[in-house]
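To start, the structure under review is shown below, and the notes come after it.
The values are calculated or read from the model by the stated rules, or taken from the named source; none is laboratory data. As the structure is a computational prediction, the values presented were derived from the model and not from experiment. Neighbour counts are summed over all protein chains in view; Cβ atoms, including those assigned to glycine, are modelled from backbone coordinates with ideal geometry. These area figures cover heavy atoms from the full protein model, side chains too; ligands, DNA and RNA do not enter into them. Shrake-Rupley method; radii C 1.70, N 1.55, O 1.52, S 1.80 Å.
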Amino acid sequence: MEYRFRSVFRAFVALLLSFALLARPAYAQSILRDAETEQWLQDISRPLVIAAGLDPRNFKVVLLYDNSINAFVAGGQIVYIHSATLTEADSANMVQGVIAHEIGHITGGHIIRFAEGARAATGVMLLSLLLGAAAIAAGAGDAGAGVLMAGQRAALGKFLAFTRVQESSADAAAVTFLDKAGISGRGLLAFFKKLQNQSLRYGYNPKDAYDQTHPLDRERVSTLTGVLEASKSWNARSDPALEARFQRIKAKLKGYVLEPQQVMRAYPETDQSVPAHYARAYAWHRSAYPDQAVKEADALLAIAPHDPYFLELKGQILLESGKAGEALPMLREATQLTNYNPLITSLFGHALIATEDEKNFPEAEKVLKSAIGKDNQNPDAWYQLGIIYDRKGDQARAALATAERYNLEGNNKLAFVNARMAMAGIPRGSADWVRAQDIYLVAEPEMKKKKKDKDKDPEQQPQP
């Protein structure tokens, strides 16, 4: 009976932890980086961020590779959006509605207040544990178990009610931000209707919201419809330029994340629009048909010869097809046209190195340092810079660049080893030495913990 008592408590704790994990980025999910997409997400978010009283410089939207429709916040002013949310969205306005809702979670401090809901639910659970234990000790085992199960259910209900209040609060905040920014709420309403239709399609139609983390879709639609239709921004027109950019981004994302056959069905050869060329270019490139991919990129450049993202696309195809020298003119122009966007600049630096021409290495070092100066969260940029340092014979800074890369990728062991190597060869007290020490000190506790766990695990010990 003691095991049963513990298992019920552990089940509830595990349940709370599972909800806590919903509020954190899933590290199994890949972060998708694309210069055009990130700029567009920044542009569509800016009026909402300002309407919410936040500073756009501190706000970011991160795109995750995931085929489920979802978005969430996990602390700070960062919104995480699944790739399927963009590929399944019908308009830029719909994506703005999703972002407005997530900003509502940020301004409401919902991640910080998450502990409040967990604490209240845990209080209910602990009380039931005491009562149940008392009943069990008195010999009423079945009654005690019933109290435990009822307490678990009550605690869960209390916690879920807390999360539903947070979701409703974020909905209300989204309405306010959209209205203040002069953006129609049609997209937000359409998004919830899409979720409702999906639920019905898959036969998921709960009668009440008691065991749901979110209000029921039909209830949200009903509640929001009247409020949004009464908004002064309800009939506001979406920016045609933002919508056109969205269709491009949606197409290129589909070309990247969907199977090539799906892409070709969605964008057949008869479709000669910009989004269709974009999608097919990525699909052909992923399928290792560089000639067809270049043909689609050329079709885009025939429409807009100096579009930086079309130039980036062709340059990337040529670079990854072993034609780094041919990629240089396009990537150089794309870099300049985007005012040295760090992602494109990093790709340009990669191409300069890939030519294997030492005359290009000084320029590669310069542009890669520029890219990292603007965005030091790009592992590939650090990898390329590490190559440059290695070719120069500066092994200490090559190790530092490698430590930066592994630190971003979450590989504590290799970050630790390379940071230690860097500290051994870089002048003590210099900026680079201090940075290497920072990485070393962050990775060291994790390394010690893993060693301690390994020492405790008999299966990890060498056998005689």
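Label points 7 Å out from Cα along the Cβ direction at R428 and Q39: separation in nm? Result: 4.7 nm between the two label points. Taking the Cβ of L311 as the center, what net charge do the other residues with Cβ under 12 Å away carry, scoring Lys and Arg +1 and Asp and Glu -1? For residues surrounding L311, the net value is -3. Surface composition of the range 54-95: carbon plus sulfur atoms contribute 41% of the solvent-accessible area (1.4 Å probe, protein chains only, all chains present). Available extension along the chain between K413 and D438 is 7.6 nm, counting 0.36 nm per residue and deducting the alpha carbon span. Spin-label pair D55-R218: with each label point 7 Å from Cα along the Cα-Cβ axis, the two points sit 4.7 nm from one another. Residues in the range 367-383 carry Karplus couplings, in order, of 6, 5, 5, 5, 4, 5, x, 8, 8, 8, 9, 10, x, 5, 5, 5, 4 Hz; the curve used is 6.51 cos²θ - 1.76 cosθ + 1.60 with θ = phi - 60°, and Gly or Pro positions show x. Pairs K60/K374; K60/K193; K254/K314; K180/K232; K252/K314; K60/K314: which exceed 20 Å Cα-Cα? Pairs exceeding 20 Å: K60/K193; K60/K314. The Cα center of the range 264-306 and the Cα center of the range 354-402 differ in position by 31 Å. Extension gain for A288 to L337 (0.36 nm times residue separation, less C-alpha to C-alpha distance): 14.8 nm. Phi-derived couplings, Karplus 6.51 cos²θ - 1.76 cosθ + 1.60 at θ = phi - 60°, listed residue by residue for the range 335-342: 4, 5, 5, 9, 6, 6, 3, x Hz, with x used for Gly and Pro. Using the average count of surrounding beta-carbon atoms within 10 Å as a protection proxy, the listed peptides 270-283, 42-55 rank, highest first, as 270-283, 42-55. Each of Q272 and A230 was given a label point 7 Å from its Cα along the Cα-to-Cβ line. The distance between the two points is 5.2 nm. A protection proxy built from the mean count of other Cβ atoms within 10 Å ranks the segments 425-438, 57-70, most packed first, as 57-70, 425-438. If R0 is 30 Å, the Cβ-Cβ spacing of K193 and K448 corresponds to a FRET efficiency of close to 0.05.
Amide H contacts of L32: L63, L64, Y65, each under 5 Å away and 5 or more positions distant or on a separate chain (H built 1.01 Å from N in the peptide plane; Pro and chain starts excluded). I'd like the carbon and sulfur percentage of the solvent accessible area for the range 310-451, probe radius 1.4 Å, heavy atoms only, ligands and nucleic acids excluded. The value for the range 310-451 is 49 percent carbon and sulfur by accessible area.
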